[in-house]
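These notes concern the structure reproduced below.
The values are calculated or read from the model by the stated rules, or taken from the named source; none is laboratory data. Bear in mind that the values here come from a model prediction, so they are computed numbers and not experimental data. Heads up, the Cβs are rebuilt from the backbone with ideal geometry, glycines too, and the neighbour counts pull from every protein chain shown.
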Amino acid sequence: MTLQEVAQFVEGEIVFGAERAQECVEYGFASDLMSDVLTQKCSNFLLITGLANIQTIRTAEMSDAQYILFARNKKATPEMLKLAGDNDMVIIQSPFSMFRTAGILYAAGLKPVY
Amino acid sequence: MQLTFHVQGGDFTRAGDASSQVKKTLKLLNIAPAITKRVVVALYEAEVNIVAHAYRGVITVDIDPVRIVLRLEDEGPGIPDIEQAMQRGFSTASPEVREMGFGAGMGLPNILENADRFHIDSVVGKGTTLSISVNLQA
């Protein structure tokens, strides 16, 4: 699934890294608990979260997750976007709830990490 | 090679700076990505613990051809019962820490899972020292 398709499915927008919209992502993981994200062994998955703070970006960096989708209309701050840029990440924002976002993307073929 | 970082308790805007710099260094040294991830996940959890629980701390990272050794020494309240603190789900984190996505009692177990060797020394009222080692080869 391309990142552009991810954004379209959840009626969202790629707010950072739009030039990489055609990159593909195969796996997704949804959580607001950063320690839970840090237990994931796979890399380059789409992190779906409603937690929008600087530690979300840091956690994605340590977890090798290049793609973050902020659900329930959470917005990345300029400081978060700068850190995302420093770490070659793509940020997507969606107005949908985390449950709805994850459900749509799962039904569309995004695989769970476990 | 040895790297040293100073960490300020309570400063969540900079929590993870040391782990980020270590990750970039390990990438430059061509350390395998799977090993790097184990090191930085363990280090990041431990760095967040200093910010969440201590007044200040010093992180020392020793990199040699055989292993990477992390030492995190903090000045803080210490851990009264280390065995209890190691239990998944046990936490004394503040609401502020939980709002940052941590404080669910997973940090120390996550460190243990990613380390080849992990040891905690703590003195109540003085501070805690974590020693974490990750082997570069199986």
How many residues of the stretch B:81-108 are under 23 Å from A:Ile57 (Cβ atoms), away from chain A (no Cβ under 13 Å) and touching a helix residue (DSSP H, G or I) at 6+ places or on another chain (Cβ under 8 Å)? The answer is 1
Filtering the stretch A:9-26 down to residues that are under 30 Å from B:Arg88 (Cβ atoms) and buried (at least 17 other Cβ atoms within 10 Å of the Cβ) yields A:Val25
Checking B:Glu113, B:Glu83 in turn, the sole residue that is acidic (Asp, Glu) and within 16 Å of B:Ser133 (Cβ to Cβ) turns out to be B:Glu113
Determine, yes or no, whether B:Leu26 is among the hydrophobic types (A, V, I, L, M, F, W, C), in contact with a strand residue (DSSP E or B) (Cβ under 6 Å, 6 or more places away or on another chain) and touching a residue at least 24 places away in the same chain (Cβ under 8 Å).
no
On the given criteria, is A:Ala30 more than 12 Å from chain B (Cβ to nearest Cβ), surrounded by fewer than 17 Cβ atoms within 10 Å (Cβ to Cβ) and not charged (D, E, K, R)?
no
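One line per residue, one yes/no per condition, for (1) surrounded by fewer than 17 Cβ atoms within 10 Å (Cβ to Cβ); (2) in contact with a strand residue (DSSP E or B) (Cβ under 9 Å, 6 or more places away or on another chain); (3) under 17 Å from B:Asp11 (Cβ atoms):
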| residue | (1), (2), (3) |
| --- | --- |
| B:Val48 | no, no, yes |
| B:His53 | no, yes, yes |
| B:Val66 | yes, yes, no |
| B:Ala93 | no, no, yes |
| B:Leu108 | no, yes, no |
Exactly one of A:Ile48, A:Ile92 is in contact with a Gly (Cβ under 8 Å, 6 or more places away or on another chain), within 14 Å of chain B (Cβ to nearest Cβ) and at pLDDT 95 or above, and that one is A:Ile48
Of the candidates B:Glu75, B:Glu83, the one satisfying the condition of being touching a Lys or Arg at 6+ places or on another chain (Cβ under 6 Å) and more than 29 Å from A:Asn44 (Cα to Cα) is B:Glu75
Reported set for the stretch B:13-39 where residues are of a type in the set (Gly, Ala, Ser) and either at the interface with chain A (Cβ under 8 Å from one of its Cβ atoms) or over 15 Å from the mean Cα position of the chain (by Cα) (or both) is B:Ala15, B:Gly16, B:Ser19, B:Ser20, B:Ala32, B:Ala34
Note to self: Considering only the stretch B:41-50, I want to know if a residue exists there that is modelled with pLDDT of 95 or more and out of contact with any helix residue (DSSP H, G or I) (no Cβ under 8 Å at 6 or more places or on another chain).
What the structure shows: yes
